[in-house]
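Notes to accompany the following structure.
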Amino acid sequence: MTAGQPDLVRADLAQADLARAGLRFEVGVPAPGAATITLDRSRRRNAMTPGMWQGLAAIGRALPPEVRVVVVTGAGPSFSAGIDLRLFTPEGVPGEDPLVSTADPGFDEWLAGCQAGYRWLRDPGVVSVAAVRGHAIGAGFQLALSCDLRVLADDAQLCMKEPALGLVPDLTGTKPLVDIVGLPRALELCLTSRTVGAAEAAALRLAELVVPGAELEGAVADLVAALLAVEPAVARATKELLQQAPGRTLDEQAAAERRTQVVLQRTRLEG
Ligand code: ACO
């Protein structure tokens, strides 16, 4: 980047724009090589808007290459109370575009743009960690599900509220939910919209770790440090291999392990 040339990548992440979207993005937190995204509308329990989902997508697009671990968390007592319910009222949310109607021909593209804010958290180049205290409801639960790993404070409460509001969960949460808890439990959780506490979440494998609230930050920092101790190319290749395993037979996966090892070791020797 030459002096005076606008830094388009960083410009995409202008903190003022992110703040307007209710987001904070800190590179190097909790450690060099990591970044932390904070949903930052605590007065409204980090209720989410399309602007926030688009802000998350912008962070994903412009993620600095040195960032290998991304922590997603919420300011205040809740991770997120889900979609800002004022969006369903005629008044809407001041300063926010209204939701696009499902009858609008542009609905599919618009929703895909919102989903982009969730999708990149699975990219093999990063490991994403949701640090959840308090409520993670609806769109907030789906955001936690989009992360590779979940660390929960013992007051965490997870709820897939959408069906109770006449909606399907549509922010990419259904696949990880089924992958993690299995179809029958996923169906039960979605169609009853019941709240799952931290202990049950751990039993259902929705949490890798549950800690007392006061220890959440420290536990996440320890996990991030452990993840960063692995070489970047090794972490990426391993994540890719593991992500592809469910869709493969044992023979296919064994072959993929062999291929990946050859490519990885060649890369490491050259690097
Ligand atoms: N949208 C807009 N405002 C919200 C939302 C929301 N989803 N959640 C909370 N708020 C606001 C409240 O209206 C309240 O505002 P006020 O201080 O101006 O009255 C403030 O945030 C604090 O909320 P409380 O209810 O007082 O906080 P409490 O800690 O007691 O409860 C809880 C938190 C359980 C999250 C509760 O607010 C709640 O049930 N919120 C709605 C959850 C919901 O149904 N979300 C939609 C899910 S579906 C989807 O995401 C697609």
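Annotations
- Cα convex hull volume per residue for region 113-168 (Å³): 73 Å³
- The distance separating the Cα centre of region 155-184 from that of region 211-258 comes to 23 Å.
- The chain, helix-only ellipticity at 222 nm - DSSP H runs n ≥ 4, -39,500 (n - 2.57), divided by all residues, nearest 500: -12500 deg cm²/dmol
- Fraction of accessible area attributable to carbon and sulfur, region 109-180 (%, probe 1.4 Å): 55 percent
- Here the contact order of the chain, divided by its residue count and restricted to Cα pairs under 8 Å and six or more residues apart, works out to 15 percent.
- Residue ranges 127-136, 166-175, 52-61 sort as 127-136, 52-61, 166-175 when ordered by packing (mean number of other C-beta atoms within 10 Å per residue, highest first).
- Heavy-atom surface of the chain, accessible at 1.4 Å and reported per residue (Å²): 51 Å²
- At 1.567 mPa s and 4 °C, Stokes D of the chain from Kirkwood alpha-carbon radius, µm² per second: 66 µm²/s
- Hull shadow area, averaged, region 127-259 [alpha-carbon convex hull, nm²]: 8.8 nm²
The values are calculated or read from the model by the stated rules, or taken from the named source; none is laboratory data. Everything numeric here is computed off the predicted structure, so don't read it as measured data. No Cβ is skipped: glycine too gets one built from the backbone with ideal geometry, and neighbour counts run over all protein chains shown. Each accessible area value is taken on the protein alone, full model and side chains, heavy atoms only, with ligands, DNA and RNA left out. Shrake-Rupley method; radii C 1.70, N 1.55, O 1.52, S 1.80 Å.
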